[in-house]
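*Asks:* Here it is: the structure, laid out below.
No lab work stands behind these numbers, since they all come straight from the coordinates. What you see is a predicted model, and the numbers here were worked out from it, not measured in a lab. Heads up, the Cβs are rebuilt from the backbone with ideal geometry, glycines too, and the neighbour counts pull from every protein chain shown.
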């Protein structure tokens, strides 16, 4: 923290007061507030993702106020409202604005822009930890720490999840949906032909928009109800992202993204929006998504390499499937691989933490598999149980799952009744007992035998025909674990940005479909007794708030990082009963329902919190207790934030591109960016330069004493 003479501080306070007075009236002169709406704008009929909201006629006009406070869809609940709900802003005259601003998603057919910065609202990190930004109230510097900043980020992802859940239930049965959400393919706002060509050439001033990419199956077209619903949901996420970006982001100074994926079609959303067309990327199989949806886990992948796997290119497909599962893991997970034919062979004698190096080791083992021999189920499952029995410290101490894939019948007498009973007895002694998911791959697979294994071990059986997508089916294992994990648990992931090589850290949260419109959201304990059905995962990079260098230089870094690691390992679990497990099986296929089980049922009486012990940094908690882990609060940050722009040097850091192939919890990859990049154009880059405001700033005049005019430096592209 820099010190300054008391006379200089007094001058600074006077300047800050002048700035605040002007801002409170009508915004900074460099970005004045609008006093009237453009033609066609009606705040009494705001359209957002297919829903109408009625706001006051003065909403966002004339003066800097907390215009969103207590308003739907984001700010109606004070205890869980995002940080920006308590910050001052106004709609601005974009033609006269040289401060950071963003386009409103509330009026998609009009070019209406708003700004927090014109109202003296500082980025949270700067206002809490920067002496210059907080000079209007220096006492704020001693009130906050980085752990609190993690809480602010948590409120952002929680409020986005809540808005998603509330809107999805209304959109579920809606017809004639027509939402104007910017697409990334083609990204009309990322090319010429609209005002957004300037947006992406000038990221430090106009923050652009969130774009979405829907990666649906060939049978799903943009005109289907499901696709239209996803576009509307992408719109609600986009507005939430834009508000966070407008209040917190400084793209000319640091790298940070807001992003997420929707479960049904794999729709991907990102701020800042870019031109990006892809047929291969699917967020549902990325580490950040699987980690937020399922929590920490021990995974053993069991792959049949018997001679029959030579048929229909099954071995190649199985190799691809195994690698895809490995790619969903983070350092909070532990895993290994077992290949079997006449005998079983493990990649390691114990579970390996899913570091980048260990993941490469496991992928190399999978890549070297060759098809030969018979099909010894007993040897394969016995080896898997031996690894769990000897796990010791090599474990997530949370969920355990075996993914067992075969294309044939158990042969050579290896699956007699005695072997079946022995496997069941050994598995039952483990705590927690592993769930076994089985995959009958190809026309010759014995689905009956594989289904019985899944039914005996609290799992699910999948039947996949030749030519089916075994990789996607196996990599969807987390959908079984998702309803077993208590909701509203923020998960952190660290990854390397594929273009810049910078390490970034993000907070991610899963959201779920509400059983009915009156059901509480998942962060309000959800519907008691009802199975959680995954809706989406959304994430906020800490880089949006502050650069990683600034975070690590802060005295609170160690405490912050301890919290990140603790939350990554926490394992609050839910119990589901047999009827709900049958419901999950029924959603897989009618053949997957276990014959001896109860009737499938989504909502039952008595299902709820798992009271069994849980370690690894967390415990089995009730949903109400989980909500209290990261308590959100609304802070009012009216201050002289503009002063930081007036007297600080800009810290330019080019905004490049997002790591769509996240490398979680890893050091910078040695892989070249060019070899890993998806096809992409129009990536925004910005460079900051200082431009003095005409008139030389504020100060001087009668009674000014030693106070001199201050040149205002505004970062522009």
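*Asks:* Subtracting the Cα-Cα distance from 0.36 nm times the residue separation, let me have the gained length for residue 223 to residue 599 in nm, one decimal. Mind dumping the intermediate values first?
*Replies:* On the way: separation 376, 0.36 × 376 = 135.36 nm, distance 3.57 nm.
Fully extending the segment from residue 223 to residue 599 adds 131.8 nm.
*Asks:* So what's the gap between the Cα centers of the range 553-574 and the range 152-167, to the nearest angstrom?
*Replies:* With the range 553-574 and the range 152-167 each reduced to a Cα centre, they are spaced 20 Å.
*Asks:* Shifting gears a bit: If I model a spin label at residue 174 and residue 69 as a point 7 Å from the Cα along the Cα→Cβ vector, what separation in nanometres do I get?
*Replies:* Those two pseudo-labels are separated by 2.9 nm.
*Asks:* Determine, for each peptide in 26-33, 223-230, the mean count of other beta carbons within 10 angstrom over its residues, then list the peptides with the highest first. Walk me through the numbers on the way to the answer.
*Replies:* Numbers: 26-33: 21.9, 223-230: 16.9.
Listed from highest to lowest mean packing, they are 26-33, 223-230.
*Asks:* Run the quick spin-label model on residue 78 and residue 143: label points 7 Å from Cα toward the beta carbon, then report their separation in nm to one decimal.
*Replies:* Roughly 1.6 nm, to one decimal.
*Asks:* Moving to a separate point now. Taking every pair of alpha-carbon atoms in the range 296-483, give the share separated by more than 24 Å as a whole percent.
*Replies:* Working: 5041 of 17578 pairs.
In whole percent, the long-distance tail amounts to 29.
*Asks:* Does the range 281-394 classify as rounded, prolate or oblate by the C-alpha gyration tensor (a ≥ b ≥ c root eigenvalues; a/c under 1.5 gives rounded; else a/b over b/c gives prolate, otherwise oblate)? Mind dumping the intermediate values first?
*Replies:* Details: a/c = 2.21, a/b = 1.30, b/c = 1.71.
Oblate shape, in that a/c is at least 1.5 and b/c is the bigger or equal ratio.
*Asks:* Follow-up question, since we're still on this one. Between residue 466 and residue 386, what's the calculated FRET efficiency when r is the beta-carbon distance and R0 is 30 Å? Round to 0.05.
*Replies:* After rounding, the FRET efficiency stands at 0.40.
*Asks:* At a 10 angstrom cut-off on C-beta neighbours, averaged per residue, how do the peptides 241-249, 67-75, 289-297 rank from highest to lowest? Intermediate values should be presented prior to the final figure.
*Replies:* Values: 241-249: 26.2, 67-75: 18.7, 289-297: 28.4.
Ranked from most to least packed, the peptides come out as 289-297, 241-249, 67-75.
*Asks:* Which of the peptides 478-486, 273-281, 520-528, 553-561 is most tightly packed, and how do the rest follow, going by the mean number of other Cβ atoms within 10 Å of each residue?
*Replies:* 478-486, 520-528, 273-281, 553-561
*Asks:* Give the distance, in whole Å, between the Cα centre of the range 455-513 and the Cα centre of the range 269-299.
*Replies:* Cα centroid to Cα centroid, the span is 9 Å.
*Asks:* Let me ask another. Along Cα→Cβ, 7 Å out, is where each label goes; now give me the distance between the ones at residue 370 and residue 553 in nm to one decimal.
*Replies:* 5.7
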